[in-house]
Structure formats: C-alpha cells, structure tokens
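Take a look at this one; I'll ask things after.
Nothing in this text is a laboratory measurement; each read-out follows from the coordinates by a stated rule. Everything numeric here is computed off the predicted structure, so don't read it as measured data. Positions of Cβ are generated from backbone atoms using ideal geometry, with glycine treated the same way; all protein chains shown enter the neighbour counts.
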Amino acid sequence: MTPDQLQPSSFDRYPPLARSFAVEHLALLRQLPLTICPSFLAQISDLDTRFPIERKTLAWQCDSLAALPQEKRDALLAPLRAIAMAPELEKLDWVNSPAAFVERLSAHLWSTGQINGFHDASRDLFAAIPDQPNEATRLALIVVGQSADTSRASILSKLARKGIRLNGVNPATAQQQLLEAFAKHAAKGQEAYAHWYVDGGQPWVLPESVRASAIQVSYPQLSPLRKRVLERMQSILNTNQANAEKMRSDLAAIAPTELRSGQVASDPILQRFYTELFTSGSGTQIFSTSFVQWAGRELARRAQPHTVLLRYTPRQRHRGFNEMVSDPESKALDPEGSLVDAEMNAYYNWIEMGRIAAPGKLTVLAWVEGSSKAVMVSPKTKPNTISNQAVTIEQALASFAVV
C-alpha cells in the first residue's frame, strides 16, 4: 500500500480518537510520500493517550500543511518523494505499525547515505508551518542541594550568568513561599496538565487550593514502574545480545499495560507518560536526579506546562552499571554529586522551558534548599548580576517575575 491508497477503513485498528483524527485528515495523508506519512501516523495512532497540547499541535501542523497552496506543498514534498526506498520497506504494515516502520526507515536512510537529505527536506517542510499562538506566562521553580554542602559561592553559576544571584534569601520561609507561588500561578489557569510538581524524593505538601488542578509525581511514587523496567533491563543484560541499541529498542516497545501502570495512575495519559519516563529516559531508572531532569525535559516538550516545580534530592552513588541495575536500592547517597548534577540540570530546565515560552513570558527561580542562595532569570533581571540584600522568595518574585 502507498499513502494515496489510504481509505477510512485503513484505520479500523486505531483507538477512537486516533481513528477519527486520521479520517478527518485523510486528504492530506494521501498526499504525503511514504518517507513521511508513517511519521504522522505514529503520532496520530497514539493520540488517545497524548496530552491535549500534543493533539492540538498535531492538528495545527496538519491543518497548516493542508492549507498550503498545492504548488508549494508539492514543491516541499518533492525531495521526500525522491528518496530511494528499499522494496522490503514498502511491504511493511506501516499503517498499523508506523513507529516500527520509522525506525527501519531511519536505519535505511543512514545506510544509504540519504539521511542528510531527508533531514533537510523535513526541516523545510515543517518550517512552512506557522507558529501557534502562544501567550501563556510560564513559571519554573527549581530546588537543588538537599543535604549537600552549599557554602561555595559558585553554586548554580551557569544559570546565574543568565540572571541575578540572590545571596540574602530567607531560608526559613523559602519552602512555604515557593509552594504558595506555585499555587498562585497555577490558579491563573485551569487547563488540564498545565501545572506540575516533580520531586526526586519525599515530596512537599502542596497547598490545598492547588491539589485538584496540579499534578504531583515523585520518584518514590513511581517505584513500581521503575523496578519493573529494571527487571526488563536485567533480563536484556542476561542475554548474549545485550547492547545499547537492543536495550533502547526493547525498552521503547514496552506498553504501559505490561508494567501495570494502572497501579500508579488511573489516567491513561499519565500512565503512558510515567511509563515512558523509564522506558525512554536516560538514567531515570537508576538516578533520582536524572528522573527529575528528564521529567522536566519531557514536560516542556510534550505537556508545555504553565507552572512547574522541580525538586532535586540526593541520588545514589555511582557504581558499575550492571551492579546498579541488579541492585538498584542502594542506601549510599551522594548529596555533593547530586548537587553538581542538579546545577547542570537546572540550567537545562531553563533552556527547555525557554523553548516553549513566548518571548518575555518566562520566569525561572532556582533555590538552594536550606540556604540563603537563589538565582532568578526573567525579562526583568540583568544577566550576571548579584544582590546581597535580605529578601524573601515572595519579595524576589514580586520584583522580578513576569506577571
């Protein structure tokens, strides 16, 4: 089958929302070459368990491409049609297994030296899609340094170069005021999946006013999923075919139902998201710091939150990879190494939130837990500045946050 032969019945095995979306956009799908159509179907087939903003974004992309003048759309698709396809690829069931097809296609493009041309053509195609309206004001609160030595002046130095370093924060009120700031910002909008609190350890207690609208998740909370993924990893390591590529592909193929994700969340969208934090994440199965960073990264990329609180706590000490997989519950923690990880991760979190925020619409505040040190980055802060003035978190946000 080729895309121009697609019929409404082609999607009979899709879940309800995915099937409806595919049929609605059938005219566009029929015009796409085989090199790109399965990539769209891979997203469409998962829509029933994707965040609302992901559904909205895909609809925007499809509608925008469909609205292009025929000549322009044909010109953009021509380089993708020109890519030489292996005959065995064309025989695959790319409609019902689009993700597997995309993986095989990628290997083919690399092996035949066509990958750069494919990337260039894909980039040009998506560059023709206008940006979606984006007026949300976003707030990212980050906490690092629990149980670590926080005396050095260079803490959070990479992030501090982008904003103001606050050396006089009142630590006695910081935790409560961070939670209050989270609740206050979240109260501005009631969109589903727009407000998140991710904790690497035992979480703080959110204000009652925000518990119904915000999603709270922690590393200990998802321990059942994590342990089951580690068991799969151990099984792969025990085979004679264990390698990084097999580990990645085998984990990516795990469905939420296989991990009994319903034990940690009743919402199918959250079941999928939590599962993929461990099946697709880098180091999330072993280190709490990696879990928080990856969760923040994926939330920015997929859920595009308006409010996010990320709290890094001490992870286990580094050991041999096989040992950490087979014995993941080490009690030996590394607060100092965890702080170093969290400092860099906080910088990455700022970058990732910046990618989804409209210009002038993002405030980031990172506090070193238990200390008087914090860093703020917003349109109201000047890069690489320092304040030694006594200040509370509430006052700092009042002075520098985007309202």
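With +1 assigned to the C-beta of every Lys and Arg and -1 to the C-beta of every Asp and Glu, and no other charges, what is the dipole magnitude of the chain about the Cα centre in debye, to the nearest 20? Working shown, then result.
Working: 42 positive and 39 negative charges, 174 e Å.
It works out to roughly 840 debye.
Please give the FRET efficiency for ILE115 paired with LYS56, using the beta carbon to beta carbon distance and R0 = 41 Å, rounded to the nearest 0.05. Working shown, then result.
Values: r = 30 Å, r/R0 = 0.73.
That pair, ILE115 with LYS56, gives E of 0.85.
Computed over the Cα atoms, what is the radius of gyration of the stretch 244-372 divided by 2.2 N^0.38 Å, N being its residue count?
Expressed relative to 2.2 N^0.38 Å, the Cα Rg reads 1.15.
Tell me the label-point distance for the pair ARG301, MET1, using the 7 Å Cα-to-Cβ offset, in nm and rounded to one decimal.
That separation, rounded to one decimal, is 2.9 nm.
Divide by every residue of the chain the summed helix terms, -39500 (n - 2.57) for each DSSP H run of at least 4, and state the resulting mean residue ellipticity at 222 nm, rounded to the nearest 500 deg cm²/dmol. Please list the in-between numbers first.
On the way: 17 runs with 185 residues, N = 403.
The helix-only estimate for the chain comes to -14000 deg cm²/dmol at 222 nm.
Only counting other Cβ atoms within 10 Å, I'd like THR381, THR257, THR137, THR289 sorted with the fewest neighbours first.
Values: THR381 22, THR257 11, THR137 18, THR289 27.
Least to most surrounded, the residues fall as THR257, THR137, THR381, THR289.
Report the one residue of MET376, THR173, HIS318 whose Cα lies farthest in the direction of the positive end of the charge dipole of the stretch 138-400 (charges on C-beta: Lys and Arg +1, Asp and Glu -1; origin at the Cα centre).
Result: MET376, furthest along the dipole toward the positive end.
Now a separate question. Work through the residues other than GLU54 whose Cβ is under 12 Å from its Cβ and net out their charges, Lys, Arg +1 and Asp, Glu -1. Write out the running numbers ahead of the final one.
Details: positive: ARG50, ARG55, LYS56, ARG272, ARG301, ARG302; negative: ASP46, ASP48, GLU298.
Combined, the nearby Lys, Arg, Asp and Glu give +3.
Right, next: Mind listing P(r) for the stretch 3-127? All alpha-carbon pairs, 5 Å bins, whole percents.
2, 10, 21, 24, 21, 15, 6, 0
For the stretch 234-265 and the stretch 14-48, write down the distance between their C-alpha centroids in whole Å.
Cα centroid to Cα centroid, the span is 27 Å.
Report which label in [x] 1.12; [y] 1.00; [z] 0.97 holds the value of Rg/Rh (Cα atoms, Kirkwood Rh) derived from the coordinates of this structure.
Read-out taken from this structure: [y].
While we're looking at this one, here's another question. On a full-extension model of 0.36 nm per residue, what is the gain between ASN96 and SER151, subtracting their alpha-carbon distance, rounded to one decimal in nm? Mind showing how you got there, number by number?
Working: separation 55, 0.36 × 55 = 19.80 nm, distance 5.62 nm.
Net length gain for the segment: 14.2 nm.
Explain nothing, just compute: Karplus ³J(HN,Hα) = 6.51 cos²θ - 1.76 cosθ + 1.60, θ = phi - 60°, for every residue of the stretch 327-344 in order, whole Hz, x for Gly and Pro.
9, x, 9, 4, 8, 7, 9, 10, x, 5, x, 5, 5, 4, 4, 5, 4, 5
Please tell me the relative contact order of the stretch 3-127 in percent, rounded to the nearest whole number, where contacts are Cα pairs under 8 Å and at least six residues apart. Let's see the in-between values first.
Values: 104 pairs, mean separation 34.5, N = 125.
So the answer I get is 28 percent.
For ALA358 and ALA107 in the same chain, what is the full-extension length gain: residue separation times 0.36 nm, less their Cα-Cα distance, in nm?
Details: separation 251, 0.36 × 251 = 90.36 nm, distance 3.57 nm.
Gain in length upon complete extension: 86.8 nm.
Same structure again: State the extension gain, in nm to one decimal, for the chain segment bounded by ALA75 and THR257, taking 0.36 nm per residue of separation less the distance between their alpha-carbons.
Working: separation 182, 0.36 × 182 = 65.52 nm, distance 4.26 nm.
My answer for the length gained is 61.3 nm.
Using 19 Å as the cut-off for backbone N distance, which residues of the stretch 89-123 belong to the label zone defined by a point 7 Å from the Cα of SER9 along Cα→Cβ?
Once the point is set 7 Å along Cα→Cβ of SER9, 93-97 turn out to lie under 19 Å by backbone N, inside the stretch 89-123.
Among ILE44, ILE393, ILE36, which one shows the biggest mean-square fluctuation in a GNM of the chain, springs joining Cα atoms closer than 10 Å?
ILE36
Let me ask something else about it. When a/c is below 1.5 the answer is rounded, else prolate if a/b is larger than b/c, else oblate, so apply that to the stretch 126-221 with a ≥ b ≥ c taken from the square roots of the Cα gyration tensor eigenvalues.
Details: a/c = 1.91, a/b = 1.27, b/c = 1.51.
Oblate, since a/c reaches 1.5 and b/c is not below a/b.
Can I ask one more? Can you tell me what share of the DSSP beta bridges in the stretch 138-400 is antiparallel? A percent to the nearest 5 is fine. Each step should come with its number before you reach the end.
On the way: 8 of 33 bridges.
Around 25 percent of the beta bridges assigned by DSSP in the stretch 138-400 are antiparallel ones.
Same structure again: Given q = 0.19, 0.21, 0.29 Å⁻¹, what are the Debye log10 I(q)/I(0) values for the stretch 130-182, with equal point scatterers placed on the Cα positions and solvent ignored?
With one equal scatterer per Cα and no solvent, log10 I(q)/I(0) is -0.88, -1.02, -1.40.
Say R0 is 35 Å: what FRET efficiency, to the nearest 0.05, do SER64 and THR385 get from their beta-carbon distance? Please list the in-between numbers first.
On the way: r = 41 Å, r/R0 = 1.17.
Working from the Cβ atoms, E equals 0.30.
Still on this model: Find out how many positive minus negative residues lie around ALA128, taking Lys and Arg as positive, Asp and Glu as negative, among other residues whose Cβ is under 11 Å from that of ALA128.
Net charge around ALA128: +2.
Pairs LYS361/LYS382; LYS162/LYS188; LYS158/LYS361; LYS246/LYS331; LYS56/LYS361: which exceed 25 Å Cα-Cα? List each step's numbers first, then the result.
Working: LYS361/LYS382 15 Å; LYS162/LYS188 27 Å; LYS158/LYS361 21 Å; LYS246/LYS331 30 Å; LYS56/LYS361 21 Å.
In this structure, LYS162/LYS188; LYS246/LYS331 lie more than 25 Å apart at Cα.
Select from the stretch 303-380 those GluC sites (Glu not before Pro) which occupy a DSSP coil region and have at most 13 other Cβ atoms within 10 Å, ordered by residue number. Kindly include the intermediate steps, with their values, before the conclusion.
Numbers: sites: GLU323, GLU329, GLU336, GLU343, GLU352, GLU369; in loops: GLU329, GLU369.
Answer by residue number: GLU329.
Under 14 Å from the Cβ of ILE115, count the other residues' Cβ atoms, weight Lys and Arg +1, Asp and Glu -1, and hand me the total. Intermediate values should be presented prior to the final figure.
Numbers: positive: ARG104, ARG123; negative: GLU103, ASP120.
Neighbour charge sum, excluding ILE115 itself: 0.
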